Amino acid sequence: MNTMHITVIGTGYVGAVTGACLAEMGHNVVFVGRDQRKLDLISSGVSPIFEKGLDDLLERNTARIRTTTDLAGAVRDSEVTFVCVGTPSLEDGSIDLGQVEEVSRTIGKSLGSDGNYRTIIMKSTVLPGTTETIVIPILERESGKKAFLDFGVASNPEFLKEGTAVEDFFYADRVVIGVHDDRSRKVMEQVYEPLDAPVFFTTLRTSEMIKYTSNAFLATKISFANEIGNLCKKLGIDSYEVFEGVGMDSRIGHQFFRSGIGFGGSCFPKDVRALIAHARATGIEPFILDAVMERNEAQPANLVSLLERHLELRGKTIGVLGLAFKPDSDDVRESRAVPVIRALLREGARVVAFDPIAADNFRPLFPDIRYAGTAKEVLDADAVLIVTEWKEFEDLDYRGKIVIDGRRIARARREAAIYEGVCW
Ligand code: NAD
């Protein structure tokens with residue numbers, strides 16, 4: 001294998017995982033970040049985020065890992081630079097490219113006049129055409145050089161799932177790489193040479209579109225499952241059994257049919273919104289994608305209205321189990337716990353909440369609710385809402401409790417005195 005010198009910009013979920021995995025593959029990796037505390041953690045072999053297996057990888061590879069806040073210096077000293085900065089939503093749902101543009105300017109200035117060929121890889125999720133029409137022009141303007149002649153460019157969107165991100169990297173269904181020239185393609189082949197995963201080469205903008213299409217399709221599957229789930233609930237049918245039967249059709253499959261209270265996280269909502277805004281700007285009316293978001297926004301309220309069938313909320317204490325947007329993650333971005341708690345407070349309830357690891361990240365969003373030290377404390381409330389399907393919630397004693405379940409915890413379903421599932 002050909003060891004490469006690689007810079008990874010951004011030490012969030014994608015940057016931290018990508019850098020650690022590249023080091024594990026044998027490359028020398030420099031993490032560039034702005035938060036010295038996070039960089040110090042990485043240097044000492046400790047993960048800055050909660051992600052299974054990441055501590056082990058960082059600890060095992062400290063000899064191959066460096067950290068710095070000096071973006072320009074890191075780019076100059078590297079053959080390859082991965083851009084893993086955030087691409088959040090603007091107010092109107094369109095994509096905020098501020099971080100991408102800012103790092104592109106610094107990278108451009110750092111491409112240097114030493115004649116060394118450097119390749120810049122966009123791993124951040126960006127709309128089709130962004131690398132060609134925004135990133136490359138900035139790089140060329142700031143460097144005075146020509147893309148594909150003096151430096152290489154590739155698109156390499158990330159498909160990891162928080163909670164299983166390390167596994168997803170090493171056992172990827174596919175690695176998607178967008179390139180425009182042979183030299184960038186060869187560099188990417190070298191980067192991924194040690195990885196035993198199918199690599200799909202395509203153009204820059206097709207690669208960018210694959211990322212949005214994948215996320216939009218998965219989000220659609222969830223909203224579809226929720227719409228059918230709501231209907232099942234009204235008809236007294238168990239939607240899980242319905243989707244078990246439906247998923248046996250090999251054209252359809254089982255994944256992503258867990259009906260419940262909808263999707264959150266840092267990707268699905270913002271990527272679907274960005275695609276909607278982009279479609280509209282392009283003159284395409286995104287009927288299906290609009291409906292996917294509408295169903296998702298409406299879904300958490302069902303949990304609270306089911307609770308109101310059993311309890312007048314004013315003055316009552318309601319327990320909320322789960323604050324992370326999904327289990328095995330400390331990420332609370334767009335967590336469904338946010339609209340659920342907002343609705344409870346609006347109805348005059350008091351809230352006591354528990355999450356095994358995400359409470360500290362959640363606290364700034366709702367500083368005035370009570371955060372319990374254990375799940376058991378939450379069960380002492382007047383009623384309990386299950387918002388995240390942490391495995392350990394299967395071990396609780398729900399006997400005698402009122403439980404409204406947004407995620408299908410089997411034990412609660414079996415034991416609770418009063419139990420309602422949101423889609424079953
Ligand atoms: P994040 O917000 O957790 O991390 C982004 C990091 O970039 C932050 O640590 C920020 O400080 C850093 N950064 C921004 N500007 C910088 C600069 N000038 N210099 C150094 N560091 C800088 O975001 P994330 O979840 O890691 O996502 C990154 C990208 O990957 C996004 O485009 C996202 O849509 C995409 N993505 C995320 C996931 C996921 O599950 N989180 C999965 C696939 C793709």
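Residues in the stretch 64-86 that are without any contact (Cβ under 8 Å) to a residue 60 or more places away in the chain and within 14 Å of the ligand (Cβ to nearest atom): T67, T68, T69, D70, A72, G73.
Results for (1) more than 16 Å from the ligand (Cβ to nearest atom); (2) over 19 Å from S78 (Cα atoms), shown as yes or no for each residue.
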| residue | (1), (2) |
| --- | --- |
| G98 | no, yes |
| T106 | no, no |
| G112 | yes, no |
| N116 | yes, no |
| K123 | no, no |
| E132 | yes, yes |
| A147 | yes, no |
| E162 | no, yes |
| E167 | no, yes |
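Scanning the stretch 319-350 for residues that are open to solvent by less than 20 Å² (accessible area, probe 1.4 Å) and either in contact with a Lys or Arg (Cβ under 7 Å, 6 or more places away or on another chain) or not assigned by TED's automatic domain parsing to the domain that holds D368 (or both) yields one hit, A349.
Do we have I276 as buried (at least 19 other Cβ atoms within 10 Å of the Cβ) and assigned by TED's automatic domain parsing to the domain that holds G229 here? Show your work before the answer.
Working: buried (at least 19 other Cβ atoms within 10 Å of the Cβ): yes; assigned by TED's automatic domain parsing to the domain that holds G229: yes.
When the stated conditions are applied, I276 passes them.
Of the helices (runs of 4 or more DSSP H) that lie entirely inside the stretch 223-329, those containing 1 or more residues that are at negative phi, within 16 Å of the ligand (Cβ to nearest atom) and under 21 Å from the mean Cα position of the chain (by Cα) span 268-282.
Scanning the stretch 25-35 for residues that are free of Cβ contacts under 8 Å to residues at least 40 places away in the same chain and either within 23 Å of the chain's Cα centre (by Cα) or buried (at least 23 other Cβ atoms within 10 Å of the Cβ) (or both) gives V29, F31, G33, R34, D35. Among the conditions (1) in contact with a strand residue (DSSP E or B) (Cβ under 8 Å, 6 or more places away or on another chain); (2) assigned to a loop (DSSP other than H, G, I, E, B), L345 misses just one, which is (2).
Against the numbered list (1) within 14 Å of the ligand (Cβ to nearest atom); (2) more than 23 Å from L111 (Cα to Cα); (3) crowded, with 16+ Cβ neighbours inside 10 Å, N156 comes up short only at (2). Restricting attention to the stretch 182-196, does a residue exist that is among the β-branched types (V, I, T) and over 30 Å from G260 (Cα atoms)? Yes, the stretch 182-196 contains at least one residue that is among the β-branched types (V, I, T) and over 30 Å from G260 (Cα atoms). Residues that are more than 8 Å from the ligand (Cβ to nearest atom) and part of a strand (DSSP E or B) were ranked within the stretch 1-21; the one that is most open to solvent (accessible area, probe 1.4 Å) is H5.
Look at L39 and say whether it is part of a helix (DSSP H, G or I), among the aliphatic types (A, V, I, L, M) and either open to solvent by 50 Å² or more (accessible area, probe 1.4 Å) or within 11 Å of the ligand (Cβ to nearest atom) (or both). For L39, the condition - part of a helix (DSSP H, G or I), among the aliphatic types (A, V, I, L, M) and either open to solvent by 50 Å² or more (accessible area, probe 1.4 Å) or within 11 Å of the ligand (Cβ to nearest atom) (or both) - is met.
Consider the stretch 50-76. How many of its residues are assigned to a loop (DSSP other than H, G, I, E, B) and open to solvent by less than 20 Å² (accessible area, probe 1.4 Å)? Can you show your working first?
Taking the stretch 50-76 first, the residues assigned to a loop (DSSP other than H, G, I, E, B) are 50-53, 61, 69-70.
Still in the running and open to solvent by less than 20 Å² (accessible area, probe 1.4 Å): 51, 61.
Residues meeting the conditions: 2.
Could you check A353 against (1) of a type in the set (G, A, S); (2) more than 16 Å from the ligand (Cβ to nearest atom); (3) in a loop (DSSP other than H, G, I, E, B) and say which number it fails? For A353, the exception is condition (3).
The values are calculated or read from the model by the stated rules, or taken from the named source; none is laboratory data. Everything quoted here is computed from the prediction, not taken from an experiment. Reconstructed Cβ throughout: ideal geometry from the backbone, glycine too, with neighbour counts over all protein chains shown. The area values use the complete protein model at the heavy-atom level, side chains included, leaving out ligands, DNA and RNA. Shrake-Rupley method; radii C 1.70, N 1.55, O 1.52, S 1.80 Å.
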